[in-house]
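The values are calculated or read from the model by the stated rules, or taken from the named source; none is laboratory data. All of these numbers come straight from a predicted model, not from anything done at the bench. Note: ideal-geometry Cβ built from the backbone for every residue, glycine included; neighbour counts use all protein chains shown. When the accessible area is computed, the model is the full protein with side chains, heavy atoms only, and any ligands, DNA or RNA have been set aside. Shrake-Rupley method; radii C 1.70, N 1.55, O 1.52, S 1.80 Å.
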Amino acid sequence: MKKIERIVKKLDSNLDFLEKEIEGVLEKSEEGIKVTQRALEQIRELLLKRKSASTSDEIYFFKNIKPQVFSKLIYYVKLFSIESKRPRSSNKSQVKYFNKHIDRLQNYFNDNLEFYHYYRRGATFLDNEYFIRGKANIRLFPDSLSFFADDKFSTSHDSTVATILAYDMLIIYLKTEIDKLENNNGMEANYNAFQKQSKLFWTGNKTDLIELIYALHSSGVINSGTADIKEVALICEQMFNVSLGDYYRTFLEIRSRKINQTKFIDKLKESLVDKMLESDE
């Protein structure tokens, strides 16, 4: 396992380097595919050489380590496909193109909603079914077919985790590109999908996070009130590994509530007061 961890660490370092040094997104994607594929092959070879592993080690590997690497391969393959077909016309056409892909990526989450919530909550009660090799059951998991291709290096859901992680990164990348287009390329810094990637996940309701974002923005506590709502929303998406969708429309729905427009903010206040009372005791 230590050898595998060293490969993962070296991969992260290599990808961080190419994200900084290669400017062209297609060239970056091609190199990213090669580097990640090579690391994945090395990891597979080491795993298959290992004669036995405990159940907990196998679950940890297929729930955390392999998806961490495989997600980067999926990310670069999809990124190359999306960018190679990117319209070369108006900014409006490009924004429409990217939004269409965001919708497609989000559809994957909706199609796998039950497992998506299981994974995001950090649940473990079905890990023996999802992340142990040899548990392939077409009746239980009709859409998880990767384990049929390589049952020695796949479980029913490790590729699903990898796809969730990859699509999270892609959505954030596409939203960043949309923001550049809508602000006439005002954002100078290049988006790095793997640099200091947050390990935090928003596991609550997205509407609650949007309510919090608008509260922070309207209070003027960020950049003395000069920060754009898009900037605040994008940072929160990156920090909590979540895609908020059309947050302005959600805000309008919050505003139109007939009862308790600040439901989540009120809940936060109650939780904090309760915590303070517990501390006093």
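Loop only per DSSP, at most 13 neighbouring Cβ atoms within 10 Å: give me the trypsin sites (Lys or Arg not before Pro) in region 226-281, ordered by residue number.
Of the trypsin sites (Lys or Arg not before Pro), the ones in loops of region 226-281 whose Cβ has at most 13 other Cβ atoms within 10 Å are ARG257, LYS258.
Counting other C-beta atoms within 10 Å, and keeping those with at most 13, which DSSP coil trypsin sites (Lys or Arg not before Pro) do you find in region 39-98?
Numbers: sites: ARG44, LYS49, ARG50, LYS51, LYS63, LYS72, LYS78, LYS85, ARG88, LYS92, LYS96; in loops: ARG50, LYS51, LYS85, ARG88.
Those satisfying the criteria are ARG50, LYS51, LYS85, ARG88.
How about LYS10: which aspartates and glutamates have a C-alpha closer than 17 Å to its C-alpha, ignoring those fewer than 8 places off in the same chain?
GLU19, GLU21, GLU31, GLU41, GLU45
On average, how much accessible surface per residue is there in the chain, in Å², for a 1.4 Å probe, leaving out ligands, DNA and RNA? Don't skip to the end; give the middle numbers.
On the way: 16780 Å² over 281 residues.
Computed with neighbouring chains in place, this is 60 Å² per residue.
How high is the FRET efficiency between LEU268 and TYR108 when r is their beta carbon distance and R₀ equals 22 Å, given to the nearest 0.05?
Details: r = 31 Å, r/R0 = 1.40.
E(calc), rounded to 0.05, equals 0.10.
Work out which helices of the chain, taken as complete DSSP H runs, extend at least 18 Å along their axis over the Cα atoms and score a mean Kyte-Doolittle of 0.0 or more, then list them. Write down the numbers at each step before the final one.
Numbers: long enough: 2-21 (28 Å, -0.92); 25-49 (36 Å, -0.36); 66-84 (27 Å, 0.28); 91-111 (30 Å, -1.56); 158-182 (36 Å, 0.48); 206-219 (20 Å, 0.32); 263-280 (26 Å, -0.55).
Taking the DSSP H segments of the chain (at least 18 Å long, mean hydropathy at least 0.0), we get 66-84, 158-182, 206-219.
Suppose each label sits 7 Å from its Cα in the direction of the beta carbon; what would the LYS258-LYS20 distance come out to in nanometres?
Here the answer is 5.7 nm between the modelled labels.
Take every Cα pair under 8 Å in the chain that's 6+ residues apart, average their separations, divide by the length, and report that relative contact order as a whole percent.
Values: 249 pairs, mean separation 50.2, N = 281.
Value for the chain: 18 percent.
Given the DSSP H assignment, sum -39500 (n - 2.57) over each helix run of at least 4 residues in the chain and divide by its residue total; what's the result at 222 nm in deg cm²/dmol, nearest 500? Can you show the working numbers first?
On the way: 13 runs with 185 residues, N = 281.
Calculated mean residue ellipticity at 222 nm is -21500 deg cm²/dmol.
Taking the Cα centre as origin and putting +1 on Lys and Arg beta-carbons and -1 on Asp and Glu beta-carbons, what dipole magnitude results for the chain, to the nearest 20 debye? Write down the numbers at each step before the final one.
Numbers: 44 positive and 41 negative charges, 148 e Å.
It comes to approximately 700 debye.
Could you tell me the calculated FRET efficiency between SER90 and SER56, based on Cβ-Cβ distance and R0 = 41 angstrom, to the nearest 0.05? Working shown, then result.
Values: r = 54 Å, r/R0 = 1.31.
Between SER90 and SER56 the formula returns 0.15.
Of all chymotrypsin sites (Phe, Trp or Tyr not before Pro) in region 215-264, which ones are in loop regions per DSSP and have a Cβ with at most 15 other Cβ atoms within 10 Å?
For chymotrypsin sites (Phe, Trp or Tyr not before Pro) across region 215-264 that sit outside H, G, I, E and B with at most 15 neighbouring Cβ atoms in 10 Å, the list is empty.
With the alpha-carbon atoms as the only input, what is the per residue convex hull volume for region 1-63 in Å³?
Values: hull volume 4.8 nm³, N = 63.
Dividing the Cα hull volume of region 1-63 by its residues yields 77 Å³.
Which value, in debye to the nearest 20, gives the size of the charge dipole of region 57-123 about its Cα centre, when Lys and Arg are +1 and Asp and Glu are -1 at the Cβ?
Values: 13 positive and 6 negative charges, 104 e Å.
The dipole magnitude comes to about 500 debye.
Using a 1.4 Å probe on the protein heavy atoms, what percent of the accessible area of region 1-99 belongs to carbon and sulfur?
The computed percentage sits at 50.
Which one of LEU113, ILE43, LEU200 is farthest out on the positive end of the charge dipole of the chain, using unit charges on Cβ (Lys, Arg +1; Asp, Glu -1) and the Cα centre as origin?
The residue sitting farthest along the positive end of the dipole is ILE43.
Among ASN241, LEU277, PHE251, whose Cα sits farthest toward the positive end of the charge dipole of region 234-281 (+1 at Cβ of Lys/Arg, -1 at Cβ of Asp/Glu, about the Cα centre)?
Highest projection toward the positive end goes to PHE251.
For the residue pair ASP150 and SER218, what label-to-label distance in nm results when each label sits 7 Å from Cα along the Cα-to-beta-carbon direction?
Each label point is offset 7 Å from its Cα along the Cβ direction, giving 5.1 nm.
Rule-of-thumb check for region 18-96: C-alpha Rg over 2.2 N^0.38 Å? Please list the in-between numbers first.
On the way: Rg = 17.2 Å, N = 79, 2.2 N^0.38 = 11.6 Å.
With N residues counted in region 18-96, Rg over 2.2 N^0.38 Å equals 1.49.
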